1. Can you pull out every residue in the range 14-55 that is assigned to a helix (DSSP H, G or I), within 17 Å of the chain's Cα centre (by Cα) and over 17 Å from LEU197 (Cα atoms)?
2. Starting from the range 177-204, take each residue that is more than 12 Å from VAL4 (Cβ to Cβ) and list its partners that are at pLDDT below 95 and part of a helix (DSSP H, G or I), counting only C-beta distances under 8 angstrom and pairs at least six apart or across chains.
3. With respect to the numbered conditions (1) at pLDDT below 95; (2) over 26 Å from VAL181 (Cβ atoms), which one is the sole condition not fulfilled by ARG19?
4. Does the range 79-137 hold any residues that are polar (S, T, N, Q) and exposed (fewer than 14 other Cβ atoms within 10 Å of the Cβ), and which are they?
5. Counting only residues that are within 15 Å of HIS147 (Cβ to Cβ) and modelled with pLDDT of 95 or more, which one in the range 171-204 is surrounded by the most Cβ atoms within 10 Å (Cβ to Cβ)?
6. Tell me, which helices (runs of 4 or more DSSP H) wholly within the range 92-204 include 3 or more residues that are closer than 15 Å to ARG78 by Cβ?
7. Out of the residues in the range 8-42 meeting the condition of being closer than 21 Å to PHE82 by Cα and among the hydrophobic types (A, V, I, L, M, F, W, C), tell me which one is surrounded by the fewest Cβ atoms within 10 Å (Cβ to Cβ).
8. Of everything in the range 43-78 that's buried (at least 19 other Cβ atoms within 10 Å of the Cβ) and out of contact with any strand residue (DSSP E or B) (no Cβ under 7 Å at 6 or more places or on another chain), which residue is nearest to ASP121 (Cα to Cα)?
Amino acid sequence: MTRVILVRHGETDWNVVGRAQGQNDQPLNERGLAQVNLVGRHIREHFDVEMTWSSDLARCARTAEALGAPLRLTEAMREINFGEWEGRRWEEIRRESPEGIGQFMSGDPQFRPPGGESMSDVVGRARRFIEETRLLDADGDVAVVGHGGSLKCLLVVLLELPETAVGRFHFSNGGLSVVGVNNGSATLMTLNQTAHLDGAAPIT
């Protein structure tokens, strides 16, 4: 059986202050670096990862390096492009676009921020990523390091769920989830484990 280990990147300063990061290339902060060291150690001790795929944005690439496995970067696992929302605080967006933020937060996969992507677009990217990497045909443990949004979309595709299920999942900074794949069929084994982060400050 193949195990696909999904890992969200460590914390950034924009996570702390509540800014929409999207594809803005923010680095990990001090707590984020501590988180990735802890998740990296946990994965090395409990899994035998033969390949890590990661978003090519810095916060994910640095997280992926800590896993200690051969690494390939891909644009396909980038976070949703928030367009004009990127870099702005969520509270500011909520004040100026209450209807839009309501659609987004409700998990509407068709909603598209001004100049950005919809979650449906990201689901499409996740589906292409699975097909192009032949992820379901892997043998052994494979890790995928991504963002809150891109990992939700990847999980929806792996589990063959409707796009509307994207809003039903949460991935914490430095958290990991495991999907088992047997004969091309995926099963969620664990979701958003964070116990390995006990040595770091509280997560977001």
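The values are calculated or read from the model by the stated rules, or taken from the named source; none is laboratory data. For clarity, every value in this text was computed on a predicted model and none was experimentally measured. Cβ placement follows ideal geometry from the backbone for every residue including glycine, while neighbour counts extend to all protein chains displayed.
1. TRP14
2. The qualifying pairs are GLY184/LEU136; GLY184/ASP137.
3. Failing condition for ARG19: (1).
4. The answer is SER106, GLN110.
5. Residue satisfying both the conditions and the ranking: GLY174.
6. 119-133, 148-158
7. VAL17
8. Among those that are buried (at least 19 other Cβ atoms within 10 Å of the Cβ) and out of contact with any strand residue (DSSP E or B) (no Cβ under 7 Å at 6 or more places or on another chain), it is ALA76.
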